[in-house]
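**Student:** One structure, pasted below without further comment.
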Amino acid sequence: MSYQSKSTDSFNTRLRFYLFEKVLKHKNAEFKPSLQEFMDFDLRDKEELIYKYTAEYYHKERNDSVDGVEIDKIYKFIKDSENKLKPRLEEWRVGYFIEVFSRILSKNQYEKLIKETECYYCNTSIEKIQELIEAGKIYKKNERGWNLEIDRKEPNQEYFYDNLVMACYWCNNAKTDEFTPDEFKPIGEAIGKVLRSRK
Ligand SMILES: [Zn+2]
């Protein structure tokens with residue numbers, strides 16, 4: 001987990017939705033991906049697009065359609081665009097890092113975030129997990145030691161600071177992309193209760 005790798009994750013999220021929107025807008029016509037347009041593409045205004053992608057595109061049959069474009073065609077178009085973009089991808093990624101990522105999550109904000117010592121959802125502390133390990137009460141294998149992981153509250157949004165919290169392995173793993181942060185709160189609380197009750 002590094003600052004740079006989070007920028008790449010964030011970039012991939014924006015790229016996926018940028019291409020998806022392009023396909024829906026241009027239907028079957030050719031389009032030219034534009035770096036400037038990509039830089040200005042703000043996912044925070046795109047709730048409807050995200051909904052179409054997660055709740056429709058991924059759940060319909062291949063010959064069904066979203067906004068009048070066949071799922072199969074959308075898939076192919078995204079793949080083709082990614083291939084066409086390949087020679088310029090590094091330039092795009094670097095541009096995103098400098099012009100977008102460093103603004104939505106500064107290095108200072110990142111450093112501050114990873115210093116958190118408690119899971120946002122279950123409130124279990126790293127110290128408590130360490131205590132449980134020493135008491136032989138943690139069964140998940142982990143040879144590299146325990147750390148909290150960065151979790152995007154809204155997993156289909158980028159890594160802007162307000163969207164990020166630190167979460168323990170169990171919460172992160174259970175939350176997946178399925179639950180909203182509010183829906184997950186009671187589940188996290190239950191996980192924390194169980195973990196802390198181990199003696
Ligand atoms: Zn947790």
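The values are calculated or read from the model by the stated rules, or taken from the named source; none is laboratory data. Quantities reported herein were computed from a predicted structural model and do not represent experimental measurements. Please note: Cβ atoms are built from the backbone with ideal geometry, for glycine as well, and neighbour counts cover all protein chains shown.
**Student:** What's the number of the condition V69 fails, among (1) β-branched (V, I, T); (2) more than 16 Å from the ligand (Cβ to nearest atom); (3) at pLDDT 95 or above?
**Tutor:** Condition not satisfied by V69: (3).
**Student:** With respect to L35, is the statement that it is under 24 Å from Y110 (Cα atoms) and in contact with a Phe, Trp or Tyr (Cβ under 7 Å, 6 or more places away or on another chain) true?
**Tutor:** In short, no.
**Student:** Taking segment 68-116 on its own, how many of its residues are over 19 Å from P33 (Cβ atoms) and over 21 Å from the mean Cα position of the chain (by Cα)?
**Tutor:** Within segment 68-116, residues that are over 19 Å from P33 (Cβ atoms) and over 21 Å from the mean Cα position of the chain (by Cα) number 4.
**Student:** If you don't mind, there's one more thing I want to ask. Only one of (1) touching a strand residue (DSSP E or B) at 6+ places or on another chain (Cβ under 8 Å); (2) within 18 Å of E99 (Cβ to Cβ) fails for M39. Which number is that?
**Tutor:** (1)
For every residue, the table says whether it meets (1) free of Cβ contacts under 8 Å to residues at least 40 places away in the same chain; (2) within 11 Å of the ligand (Cβ to nearest atom); (3) crowded, with 18+ Cβ neighbours inside 10 Å.
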site: V94; (1), (2), (3): yes, no, no
site: E99; (1), (2), (3): no, no, no
site: I104; (1), (2), (3): no, no, yes
site: K112; (1), (2), (3): yes, no, no
site: K128; (1), (2), (3): no, yes, yes
site: N142; (1), (2), (3): yes, no, no
site: E154; (1), (2), (3): yes, no, no
site: V165; (1), (2), (3): no, yes, yes
site: T176; (1), (2), (3): yes, no, no
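**Student:** A follow-up question, please. For segment 178-197, which positions are in contact with a helix residue (DSSP H, G or I) (Cβ under 7 Å, 6 or more places away or on another chain), more than 15 Å from K140 (Cα to Cα) and within 10 Å of the ligand (Cβ to nearest atom)?
**Tutor:** Within segment 178-197, F184, I187, G188 meet the criteria.
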